[in-house]
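Novice: Structure provided below as structure tokens; questions to follow.
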Amino acid sequence: MKSWILLGAMVASTVLGDLLQSVEMKRHGEIKEFHPHGIARVLGVLARNKFLILAIFFMAISFFAFMTLLESTDLSFAVPASAATLVFETILAKVLLKEQVDFRRWVGACLVAFGVVLLAK
Amino acid sequence: MHSERLRWKTRVFAIIVILSNALGNFALAYGMRGRTTSTVFDYLRVIFTPWVAIGITLLILWLLSRMALMSWADLSYVLPVTSLGYVANAVMGRLFLNEVITPARWAGTLLIVAGTMMVGIGSPHSKGDA
């Protein structure tokens with residue numbers, strides 16, 4: 001029971017963190033500078049973004065739930081089971097972020113979801 | 001030309017995301033095995049043990065590279081493509097942590113690979129210049 005509660009907390013916080021991250025990274029725009037000075041500048045800009053900070057907060061909750069989950073379950077269960085987020089995120093990417101999820105992506109995401117269900121058995 | 005450069009950049013970052021996730025999770029699982037953390041102090045103590053620290057470092061690399069990838073690629077592209085990491089984690093669990101992987105789990109692995117390939121051969125953009 002504890003494992004499922006941890007998994008639920010991990011999935012919910014990952015979905016929230018990913019959505020916020022995607023919205024804010026798109027708003028920031030494509031990252032083109034990968035030299036140390038450029039990376040430091042980008043990190044400085046991103047560190048002042050309150051929604052990204054909130055995204056990282058959700059990811060931290062997800063991480064500690066995952067860490068605790070690993071104490072008692074297999075890596076080959078914990079990691080695939082976390083992909084339950086994929087189904088929610090693909091739907092929310094379409095509904096909230098207005099991304100055009102074409103037929104091939106839907107089929108691919110469904111296959112991944114079915115695969116994850118089998119992996120978790 | 002710009003589109004081709006973006007395609008390569010996307011592939012390179014997808015590989016970094018997948019590898020850092022798989023290796024980071026493995027190190028974390030190895031370090032957390034058999035432990036019991038119940039207080040904040042337990043977590044603080046365990047964070048500084050070598051395997052967990054390596055795991056966290058790699059997962060920070062994973063987070064940053066994934067954030068960079070998301071700055072130009074759709075969430076609905078990034079998520080399924082990087083889900084190859086799930087397969088890598090299952091394989092590492094089997095090989096290095098002696099976990100038992102049932103036929104159903106291997107079948108799931110193949111489905112994930114198939115789904116990932118279907119998504120990966122598409123464009124990382126749903127709108128814009130790709």
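Novice: Test of understanding: given chain A, find the longest segment containing no GluC sites (Glu not before Pro) that are in a DSSP loop and have at most 14 other Cβ atoms within 10 Å.
Specialist: A:34-121
Novice: Under 12 Å from the Cβ of residue B:81, count the other residues' Cβ atoms, weight Lys and Arg +1, Asp and Glu -1, and hand me the total.
Specialist: Within the 12 Å Cβ shell, the charges total +2.
Novice: Explain nothing, just the number: relative contact order of chain B, from Cα pairs under 8 Å at least 6 residues apart, as a whole percent.
Specialist: 33
Novice: Pulled fully out, how much extra length does the chain show between residue A:43 and residue A:100, if you take 0.36 nm times their separation in residues and subtract their Cα-Cα distance? Write down the numbers at each step before the final one.
Specialist: Numbers: separation 57, 0.36 × 57 = 20.52 nm, distance 2.89 nm.
So the extension gain works out to 17.6 nm.
Novice: Could you look at the protein assembly as shown and say what percent of its accessible area is carbon and sulfur, using a 1.4 Å probe and all protein chains?
Specialist: On the way: 9060 of 12290 Å².
About 74 percent, which is the carbon plus sulfur part of the accessible surface.
Novice: Quick check: the angle from helix A:103-119's long axis to the longest principal axis of chain A, C-alpha only, nearest 10 degrees?
Specialist: Tilt of helix A:103-119: around 50 degrees.
Novice: How large is ³J(HN,Hα), in whole Hz, for each residue of the range B:112-117 in order, when computed from phi with the Karplus curve 6.51 cos²θ - 1.76 cosθ + 1.60 and θ = phi - 60°, using x for Gly and Pro?
Specialist: In residue order, the calculated couplings are 5, 4, 4, x, 5, 5 Hz.
Novice: What's the tally of Lys pairs in chain A whose alpha-carbon atoms lie under 25 angstrom apart, where the two lysines are 8 or more places apart or on different chains?
Specialist: Final tally of qualifying lysine pairs is 8.
Novice: Using θ = phi - 60° and the Karplus curve 6.51 cos²θ - 1.76 cosθ + 1.60, what whole-Hz ³J(HN,Hα) does each residue of the range B:99-105 get, with Gly and Pro shown as x?
Specialist: With coefficients 6.51, -1.76 and 1.60, one gets 7, 8, 9, 6, x, 4, 5 Hz.
Novice: With N set to the residue count of chain A, report its C-alpha Rg divided by 2.2 N^0.38 Å to two decimal places.
Specialist: 1.20
Novice: Rounded to the nearest 500, what is the protein assembly as shown's calculated 222 nm mean residue ellipticity when only DSSP H runs of at least 4 contribute -39500 (n - 2.57) each, over all residues?
Specialist: -26500 deg cm²/dmol
Novice: Something else now. For the protein assembly as shown, rounded, prolate or oblate, judged on the Cα gyration tensor with a ≥ b ≥ c (square roots of eigenvalues), a/c < 1.5 rounded, else prolate if a/b > b/c? List each step's numbers first, then the result.
Specialist: Numbers: a/c = 1.69, a/b = 1.23, b/c = 1.38.
The shape class here is oblate.
Novice: Between 0 and 90 degrees, rounded to the nearest ten: what's the tilt of helix B:84-96 against the longest Cα principal axis of chain B?
Specialist: Long axis of B:84-96 versus the principal axis of chain B: about 30 degrees.
Novice: Measuring with a 1.4 Å probe in the full set of protein chains, what accessible area per residue, in whole Å², belongs to chain B?
Specialist: Here the residues of chain B average 48 Å² of exposed surface.
Novice: Could I ask something else about it? With a Förster radius of 35 Å, plug the Cβ-Cβ distance of residue B:44 and residue B:15 into 1/(1 + (r/R0)^6) and report the FRET value to the nearest 0.05.
Specialist: The value I calculate is 0.60.
Novice: For the A and B pair, go ahead and give the buried accessible area with a 1.4 Å probe, both sides summed, in Å² to 100.
Specialist: Working: alone 8500 and 8460 Å², together 12290 Å².
Buried area (both sides, nearest 100 Å²): 4700 Å².
Novice: Let me ask something else about it. At 25 °C and 0.890 mPa s, grab the translational diffusion coefficient of chain B from Stokes-Einstein with a Kirkwood Rh over Cα pairs, rounded to a whole number in µm² per second.
Specialist: 151
Novice: Also, I was wondering about something else. For the range B:17-79, what is the convex hull volume of its Cα atoms per residue in Å³?
Specialist: In the range B:17-79, the Cα hull volume divided by residue count equals 94 Å³.
Novice: Roll a 1.4 Å probe over the protein chains and send me the accessible area per residue for chain A in Å².
Specialist: 50
The values are calculated or read from the model by the stated rules, or taken from the named source; none is laboratory data. The structure presented is a predicted model; accordingly, all values stated were derived computationally and were not measured. A quick note on method: Cβ atoms are made from the backbone with ideal geometry, for glycine too, and the neighbour counts reach across all protein chains shown. SASA here: full protein model, heavy atoms, side chains in, ligands and nucleic acids out. Shrake-Rupley method; radii C 1.70, N 1.55, O 1.52, S 1.80 Å.
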